[in-house]
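The values are calculated or read from the model by the stated rules, or taken from the named source; none is laboratory data. Everything numeric here is computed off the predicted structure, so don't read it as measured data. Note that we place each Cβ from the backbone using ideal geometry, even for glycine, and neighbour counts take in every protein chain shown. Only protein heavy atoms, including side chains, enter the accessible area calculation; ligands, DNA and RNA are left aside. Shrake-Rupley method; radii C 1.70, N 1.55, O 1.52, S 1.80 Å.
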Amino acid sequence: MLCGVNIDTQIKRDEKNMNGITKIFLILAMLALPVLSSALEVGDQAPAFSLQGTDGKTYSLEQFHNKQAVVIAWYPKAFTSGCTIECKSLAQNGHLLKRLDVSYFMASVDALETNQEFAAETEADFPLLSDPSKEVAKAYDVLAFYGLPNRHTLYIGKDGKILFIDRQINAATSAEDMASKLEELGVPARQAS
């Protein structure tokens, strides 16, 4: 006996508590498994989307199928420092991307009106896509736990498959980095029309 408690009784209580903790841990691990296994990877089919752009058009992945590669640069929030720098990089150096056979977008979960104001302020000459429902951001596995997208850029081939996921974005050289990666991935030059 130790402090009035039988040692065998205490050991049984400790084992019972550990079994409860182990069960909780296993349940949490099983709940996390679908989240871990649903992460997009290179070679996966890109999720379908239909999002409104700041240019008044609605864009879908399907409209580019077997026609052009697609780049979606997700950004956390309009009018924030890093997002402004990235958008200006793409606006000022977009000629590097326009020479390639690709359609490129920035995308956020901001309202369309907010993105339209942001596009005007940064002189974006390409569409910014709005996903206020956050469904597409979730499907593309870019939505952070705090409700905003991570700054990730996804490269999608003509066949609709993920070619590359860039999670290490340098906002200031975004256009240059995208053009370089597209060339590395074998995206051809745009044909003169």
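Among the residues of segment 65-84, is there at least one that is touching a Cys at 6+ places or on another chain (Cβ under 6 Å), open to solvent by less than 10 Å² (accessible area, probe 1.4 Å) and at pLDDT 95 or above?
yes
It is to be established whether one or more residues within segment 169-178 are in a strand (DSSP E or B), surrounded by fewer than 19 Cβ atoms within 10 Å (Cβ to Cβ), among the aliphatic types (A, V, I, L, M) and at pLDDT 95 or above.
Within segment 169-178, none of the residues are in a strand (DSSP E or B), surrounded by fewer than 19 Cβ atoms within 10 Å (Cβ to Cβ), among the aliphatic types (A, V, I, L, M) and at pLDDT 95 or above.
Taking the options 119, 107, name whichever one is hydrophobic (A, V, I, L, M, F, W, C), in a helix (DSSP H, G or I), within 20 Å of residue 174 (Cα to Cα) and open to solvent by less than 20 Å² (accessible area, probe 1.4 Å).
119
Being among the aromatic types (Phe, Trp, Tyr) and buried (at least 19 other Cβ atoms within 10 Å of the Cβ) is the filter here; which residues of segment 127-150 pass it?
Across segment 127-150, the qualifying residue is only 140.
Select from segment 151-168 the residues that are surrounded by 15 or more Cβ atoms within 10 Å (Cβ to Cβ) and part of a loop (DSSP other than H, G, I, E, B) and list them in ascending order.
151, 152, 157, 158, 160
So which residues in segment 179-193 are open to solvent by 40 Å² or more (accessible area, probe 1.4 Å), touching a residue at least 12 places away in the same chain (Cβ under 8 Å) and of a type outside the set (S, T, N, Q)? Spell out the reasoning first.
Just the residues of segment 179-193 that are open to solvent by 40 Å² or more (accessible area, probe 1.4 Å), to begin with: 180, 183-186, 188-193.
Cutting the leftovers down to touching a residue at least 12 places away in the same chain (Cβ under 8 Å) gives us 183, 185, 188-191.
Once the filter is applied, which keeps residues that are open to solvent by 40 Å² or more (accessible area, probe 1.4 Å), touching a residue at least 12 places away in the same chain (Cβ under 8 Å) and of a type outside the set (S, T, N, Q), segment 179-193 yields 183, 185, 188, 189, 190.
Give segment 35-55 a look and list any residue that's out of contact with any Gly (no Cβ under 7 Å at 6 or more places or on another chain) and open to solvent by 70 Å² or more (accessible area, probe 1.4 Å), or say none. If you could, list the steps in order and put the result at the bottom.
First pass over segment 35-55, keeping only residues out of contact with any Gly (no Cβ under 7 Å at 6 or more places or on another chain): 35-44, 47-55.
Result: 35, 36, 37, 38, 41, 42, 48, 50, 52, 55.
Please name all residue pairs, on different chains or six or more residues apart, with Cβ atoms under 8 Å, provided the first residue is in segment 68-86 and is under 11 Å from residue 107 (Cβ atoms) and the second residue is of a type in the set (S, T, N, Q) and at pLDDT below 95.
Hits for this filter: zero, empty list.
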